[in-house]
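The values are calculated or read from the model by the stated rules, or taken from the named source; none is laboratory data. Everything numeric in this text was worked out from a predicted model, so none of it was measured. As a convention, Cβ positions derive from the backbone with ideal geometry for all residues, glycine included, and neighbour counts pool all protein chains shown.
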Amino acid sequence: MSQLSDSEVKIIEAAKQVFLEKGLENAKMRDIADTAGISRTALNYYYRTKENLFYKIIEEILEGIIPHFESLLSKDTLSFQERLLGIIDVYADFLSRNNAVPRFVMMEMQRHPQTLFDFINTNQKVKEYLQLIHAMLDREAEEKSIKQLPMEELVTLFYGLLFVPYLVDPFIQEFFLNEKSKIEAYHRNHLENMKQVLLLFLSVKSLNQTVN
């Protein structure tokens, strides 16, 4: 985490744990202070509300991954396929180390969507990243290298493929794969399948043409 004191790092890690367990609505500042092993007064010195702390966590997450996206999207020497696969790899690497994030995002999207939307609408880095994505897709569509698709369809497919394996992990582990090495292999295989599905989905060729 960039330019944070040891106390802030401890608070943020504690908040992540509490938010993941209880969600934003049910999380209490007292819970976060207790988990961090500090007083409520000390917590208030850094963060007055849980919403501010929530925004700080999202900001820290984005600071860790968006520069990688920007680097991929700004390299003219990379093909569209290389950029897309690189973006998927960045997400996959992050989620392999933060596998509870999809569950938390989906939970908050149902309970407090406006909290997430407000952050996205006011964060300049997120706006710039989305603009780069739009520009890349529009450029590739104009050059006929990919299909022109509604953004809502692409977003649904992309994040569905990315998040669902982590959402169903407990079910998969209970009934199909009960060893860590097998779960890791399952995620690696899914990642490769996801890449193929997205490339096929965006291809200017129809599915029937591709199969034939």
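Numbers for the structure displayed
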item	result
Every pair of residues 6+ apart whose Cβ atoms lie under 6 Å, when the first sits in region 13-35 and is modelled with pLDDT of 95 or more while the second is outside any helix (DSSP H, G or I) and surrounded by fewer than 18 Cβ atoms within 10 Å (Cβ to Cβ)	none
Qualifying positions in region 144-169 - under 16 Å from I133 (Cβ atoms) and of a type in the set (S, T, Y)	S145, T156, Y159
Every residue from region 36-73 that is part of a helix (DSSP H, G or I) and without any contact (Cβ under 8 Å) to a residue 12 or more places away in the chain	R40, T41, Y45, N52, P67, S71
Criterion: of a type outside the set (G, A, S) and either touching a helix residue (DSSP H, G or I) at 6+ places or on another chain (Cβ under 6 Å) or under 17 Å from L167 (Cβ atoms) (or both) - qualifying residue of M151, M106	M106
Residue satisfying condition, being among the hydroxyl-bearing types (S, T, Y) and assigned by TED's automatic domain parsing to the domain that holds V164, within set S96, S39, S5	S96
Within region 115-128, tally of residues that are within 14 Å of the chain's Cα centre (by Cα) and over 26 Å from G23 (Cβ atoms)	0
Filter result for Y47 (in contact with a Lys or Arg (Cβ under 9 Å, 6 or more places away or on another chain) and at negative phi)	yes
Residues located in region 34-58, provided they are loosely packed, with under 15 Cβ neighbours inside 10 Å and not aromatic (F, W, Y)	G37, S39, R40, T41, A42, N44, R48, T49, E51, N52
So L24, is it within 19 Å of F119 (Cβ to Cβ), of a type in the set (A, V, I, L, M, F, W, C) and in contact with a helix residue (DSSP H, G or I) (Cβ under 9 Å, 6 or more places away or on another chain)	yes
Qualifying positions in region 56-94 - farther than 21 Å from Q131 by Cβ, modelled with pLDDT under 90 and not β-branched (V, I, T)	K56, E60
Hits in region 168-180 (condition: surrounded by 14 or more Cβ atoms within 10 Å (Cβ to Cβ) and of a type outside the set (D, E))	I172, Q173, L177
Boolean, I65 is under 30 Å from L199 (Cα atoms) and crowded, with 18+ Cβ neighbours inside 10 Å	no
Residues of region 74-91 satisfying the condition of being closer than 17 Å to R139 by Cβ and either in a helix (DSSP H, G or I) or not β-branched (V, I, T) (or both)	S74, K75, D76, L78, S79, F80, Q81, E82, R83, L84, G86, I87
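The rows are residues; the columns are (1) among the aliphatic types (A, V, I, L, M); (2) within 30 Å of S203 (Cβ to Cβ).
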residue: N44; (1), (2): no, no
residue: P67; (1), (2): no, yes
residue: L72; (1), (2): yes, yes
residue: L78; (1), (2): yes, yes
residue: G86; (1), (2): no, yes
residue: V101; (1), (2): yes, yes
residue: F104; (1), (2): no, no
residue: Q114; (1), (2): no, no
